[in-house]
């Protein structure tokens with residue numbers, strides 16, 4: 001056990017200098033990755049806590065935050081999340097986690113980003129050609145987690161990612177890896193995850209086809225040869241999370257938990273998420289947090305949330321959560337989550 005803990009601490013100490021070097025560079029790379037919908041965080045509970053959730057992940061949304069958290073679940077759970085995202089975009093997430101005793105925990109997740117049909121506009125027809133096009137993204141993931149000791153767990157998620165716009169499509173495979181270690185001090189937990197480690201994505205399809213005259217200086221040749229404009233390959237939004245969560249107070253009536261995550265994305269500067277949760281008899285929940293602290297040019301900030309958990313019958317519980325997120329000059333975002341624990 002001591003050897004495993006030493007290895008874990010050594011890994012963290014090795015990764016922190018790399019993060020600090022990137023911090024010194026102070027260079028933002030916003031908009032340089034494919035599939036940015038993978039960076040949209042899920043779960044009204046986690047968002048209400050400002051996204052400080054990688055070390056606390058103990059419900060079905062751990063499929064997104066830290067798959068190692070699945071190993072700590074005592075009951076199965078199904079979760080549904082809906083968000084009216086910015087610019088009238090719809091974001092939906094569904095996940096199911098099923099503990100299998102000493103064999104570990106398995107999970108399945110589905111993420112979708114969609115929007116309504118839009119007019120096809122050209123230089124010649126700026127008001128529209130009469131055609132319409134749409135764009136959509138989705139990802140399907142399968143997860144597995146297991147407790148290696150009574151305090152240390154590890155988890156993995158393999159996922160298929162797809163993006164589509166009109167007649168163009170791109171796809172890729174990616175892997176998430178997470179670890180969770182629970183200390184003996186006030187239920188303090190250390191969590192770490194690396195998300196979206198995978199192949200680059202490249203849009204391919206008929207929309208890049210253009211007529212080409214390969215010999216314009218000659219007469220009688222075919223001036224309508226079909227050519228394809230080359231599209232670049234773009235990396236996935238790789239994200240490294242390291243977090244600490246601690247229960248400050250716990251008794252029969254209430255619980256007070258605080259959490260902090262340090263984030264290192266490959267398409268932005270480093271930042272910190274802070275959050276807290278107050279639970280009354282594990283039935284009524286109040287949450288608050290602050291997102292993207294120290295990030296350059298961020299519009300996100302204060303988050304607030306709450307939730308209710310109601311026992312239906314036996315071990316079945318219904319959980320309803322809500323979160324509000326301030327997006328500065330952009331529209332505020334409200335999120336709703338519904339979960340069934342069994």
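Computed from the coordinates by the stated procedures, all read-outs in this text should not be read as laboratory data. All values reported here derive from a predicted model rather than from experimental measurement. Virtual Cβ from ideal backbone geometry, glycine too; neighbours counted across all protein chains shown.
Taking the square roots of 5 times each eigenvalue of the Cα gyration tensor of the range 143-228, largest first, gives ellipsoid semi-axes of 55, 10, 9 Å. Simple spin-label estimate for residue 146 and residue 166 gives 4.9 nm between the two label positions (7 Å along the Cα-to-Cβ direction from each Cα). Which whole number in µm²/s is D for the range 248-289 by Stokes-Einstein, with the Kirkwood Rh taken over Cα pairs at 37 °C and 0.692 mPa s? Estimated via Stokes-Einstein, D reaches 277 µm²/s. As a rough guide to protection, the peptides 162-168, 175-181 ranked by mean Cβ packing within 10 Å, highest first, stand as 175-181, 162-168.
Assuming R0 = 25 Å, what is the FRET efficiency of residue 280 and residue 302, from their Cβ-Cβ distance, to the nearest 0.05? The formula returns an efficiency of 0.65 here. Overall shape: prolate for the range 92-131, with the ratio a/c of the largest to smallest alpha carbon gyration tensor axis at 1.5 or above and a/b above b/c.
Maximal additional length on extending the residue 133-residue 120 stretch stands at 4.0 nm, based on 0.36 nm per residue less the C-alpha distance. With bins 10 Å wide beginning at 0, the percent of Cα pairs of the range 167-288 falling in each bin runs 11, 23, 20, 15, 12, 8, 6, 4, 1. Within the P(r) computed for the range 246-342, what percentage of the Cα pairs occupies the region above 24 Å? Result: 34 percent of Cα pairs exceed 24 Å. Distance between the C-alpha centres of the range 39-85 and the range 122-139: 35 Å, rounded to the whole angstrom.
Of the residues 229, 283, 49, the one with the fewest other Cβ atoms within 10 Å heads the list, and the complete ranking is 229, 283, 49.
When all alpha carbon pairs of the range 18-159 are counted in 10 Å bins from zero, the resulting P(r) reads 11, 31, 28, 19, 9, 3, 0 %.
The calculated FRET efficiency for the pair residue 329 and residue 223, based on their C-beta separation and a Förster distance of 45 Å, comes to about 0.35.
For the chain, the alpha-carbon radius of gyration amounts to 1.13 times the rule-of-thumb value 2.2 N^0.38 Å expected for a compact globular protein.
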